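All remarks here apply to the structure that follows.
The values are calculated or read from the model by the stated rules, or taken from the named source; none is laboratory data. Note that this is a predicted model, so its numbers are computed, not measured. Cβ atoms come from the backbone with ideal geometry, glycine included; neighbour counts cover every protein chain shown.
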Amino acid sequence: MISMLKLIRHHKPQNLSDRVALAFTKSLRFLADTFFKKKYGHRAVVLETVAAVPGMVAGMLLHLKSLRKMQDDRGWIKILLDEAANERMHLMTFIQIAKPTLIERIIIMIAQFIFIFMYLIIYLISQRTAHRIVGYFEEEAVISYSEYLKEIEDGKIENIKAPEIAINYWNLPLNSKLKDVIEVIRDDEAGHRDVNHSFANIINIKKNTNALKEDKNKAQEKI
Ligand SMILES: [Fe+2]
Ligand SMILES: [Fe+2]
């Protein structure tokens, strides 16, 4: 398990791209809070179907870019595709814990249709904002799973036996409980958060350096 210091982290918005990403995340959080309230199991099923989209979309776009530009991807594609696969395993786990209602299944289908295009467009417009959004989504995921854990610790949600699929995937002891599963999932989310924030930071540094170079060139032209 990762330390508490590493677990709770917030990237303070530093530019317009960050502020857009944070506002987008907070409005979706508001929607999720209003709809699910304290139904954490159902919330996890629905949100994990969305969480597995960005890594796949970003990985695909970078794969195509790498082919087009005949350029190395610095290992980003594999990291993003692994993230998508890991999020899908979160879903496979939660589906054993909470079965979605008919209305939730309909929401999942509509949400996937909208979100896949939305994220693709955001990624094409601003790769930096797109990664920052996932960074902020994952900050929220860490908060939600911490709340879920608190409900289990307080005995408000039954600490049932861990699903077999989770025991196998995370190599957990055979007598593991739901609480142990939520803890490893929360660690995964914290990992995705740090990766996506650092991807956004790398792009940000690149943009700032390019802008500086341009300014320098313009200044030299004037002399
Ligand atoms: Fe997840
Ligand atoms: Fe996630």
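Some notes on this structure:
- Put simply, of 157, 122 the only residue that is without any contact (Cβ under 8 Å) to a residue 12 or more places away in the chain, on the phi < 0 side of the Ramachandran plot and either among the hydrophobic types (A, V, I, L, M, F, W, C) or not in a loop (DSSP other than H, G, I, E, B) (or both) is 122.
- Flag set for residue 81, criterion: part of a helix (DSSP H, G or I), farther than 28 Å from residue 147 by Cβ and free of Cβ contacts under 8 Å to residues at least 40 places away in the same chain.
- Among residues that are among the β-branched types (Val, Ile, Thr), touching a residue at least 60 places away in the same chain (Cβ under 8 Å) and within 11 Å of ligand 1 (Cβ to nearest atom), residue 57 is not included.
- Take the conditions (1) in contact with a helix residue (DSSP H, G or I) (Cβ under 7 Å, 6 or more places away or on another chain); (2) modelled with pLDDT of 95 or more; (3) in a helix (DSSP H, G or I); (4) not β-branched (Val, Ile, Thr); residue 60 misses just one of them, which is (1).
- With respect to the conditions (1) closer than 21 Å to residue 47 by Cβ; (2) part of a loop (DSSP other than H, G, I, E, B), residue 172 falls short on a single one, namely (1).
- Restricting 84, 162 to residues that are among the small types (Gly, Ala, Ser), within 16 Å of ligand 2 (Cβ to nearest atom) and modelled with pLDDT of 95 or more narrows the list to 84.
- No other residue among 144, 126 is over 19 Å from residue 48 (Cβ atoms) and surrounded by 12 or more Cβ atoms within 10 Å (Cβ to Cβ) apart from 126.
- Applying the set (1) touching a residue at least 40 places away in the same chain (Cβ under 8 Å); (2) more than 26 Å from residue 179 (Cα to Cα) to residue 104 leaves exactly one unmet item: (2).
- Qualifying residue in region 37-53 (condition: away from ligand 2 (no atom under 16 Å from the Cβ), farther than 21 Å from residue 146 by Cβ and not in a loop (DSSP other than H, G, I, E, B)): no
- Scan of region 84-101 for residues that are free of Cβ contacts under 8 Å to residues at least 60 places away in the same chain, closer than 17 Å to residue 180 by Cα and assigned to a loop (DSSP other than H, G, I, E, B), ordered by number: 95, 98
- Criterion: in contact (Cβ under 8 Å) with a residue 12 or more places away in the chain, away from ligand 1 (no atom under 16 Å from the Cβ), in a helix (DSSP H, G or I) and over 21 Å from residue 84 (Cα atoms) - qualifying residue of 205, 152: 152
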